[in-house]
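Please read the structure below before turning to the comments.
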Amino acid sequence: MELAGIRDKTALVTGAAGGIGAAVASALAGQGARVAAVDTDGAGLEALADAVRSSGRIEVFKADVSSGAEIGAVVDRVAAKFGRIDFLVNVAGVLRPRSVLDTSDEDWSTTFGVNATGVFNTSRAVARHMVEDGGGGAIVTIASNAAAVPRSRMAAYGASKAASVAFTKTLALELAEHSIRCNVVSPGSTDTPMLRTLTGGADPSAAAIAGDATQFKVGIPLKKIARPSDVADAVLFLLSDHANHVTMQELFVDGGAALGA
């Protein structure tokens, strides 16, 4: 089903080389949007482009969102190439599962550099263009249910995602006068390479569904982990005209794992 308000719009997606980012980029292209896919993984971007170009319009841009200058230059290029940027989806993220006592300064700074500062850098650059182009548009940040519920060995990740949630909601407040909507999608366990780092590459489904009482982690009430496309569907809704009166909200896509927190 085609969603209203996406066809022929320009969308910039960070973290687009794999996992949720690739699913979002592919879904947007499938809806007729022009997609600017951004990541540090050049090979992953080219694989995405090869898979998507037959069914949609996509251009790839290699950049590190933790560098304001680097992502700012890419945002300028995208705006110049396509005329304007209508949508931004902040997906780029890193996960370094460590206990607090084992988290290094570099683990902490890198995690925040991508997951929080990266959202700030990219959102600020895109929002400036949106405002200068007369307003209108939508921004979605991919956070995590770990931002709302403590998870063992995820202090840096959860804290960085909580920062991105707070930032995006404040951005929504400040940009409302320009008719720019900003929302958050917070997935739980999703079948991506990032999740498989927690299980040594093994299928993460059974452990995620069952939960772990020793880590005070509940399971997933819906008895399944998410597919990247499940998250992409939520993003598409929030970008589309079907959500044209929705801003400053956080939508959990986690099968109930956070118990509605």
Estimated Rh, the stretch 5-159: Kirkwood, alpha-carbon pairs, angstrom: 15.8
Footprinting exposure proxy for Ser109, Ser164 (fewest neighbouring C-beta atoms within 10 Å first): Ser109, Ser164
Cross-link reach list, lysines versus Lys169, counting only Cα pairs under 19 Å and skipping chain neighbours closer than eight places: Lys161
Cα-based shape type of the stretch 135-261, given that a ≥ b ≥ c are square roots of the gyration tensor eigenvalues and the cut on a/c is 1.5: prolate
Helical segments meeting 24 Å axial Cα length and Kyte-Doolittle -1.0 threshold in the chain (DSSP H): 155-175
Among 19-30, 71-82, the order from most to least packed when residues are scored by Cβ within 10 Å on average: 19-30, 71-82
Order of Thr111, Thr214 - criterion: other Cβ atoms within 10 Å of each residue's Cβ, fewest first: Thr214, Thr111
Proxy reagent accessibility, fewest Cβ within 10 Å first, across Val253, Val184: Val253, Val184
The chain - convex hull of the alpha-carbon atoms, volume per residue in Å³: 120
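Rule-based calculations on the coordinates, nothing more; no lab input. Note that the structure is predicted; figures quoted are calculated from it, not measured. Glycine gets a Cβ as well: all are built from the backbone with ideal geometry, and neighbour counts include every protein chain shown.
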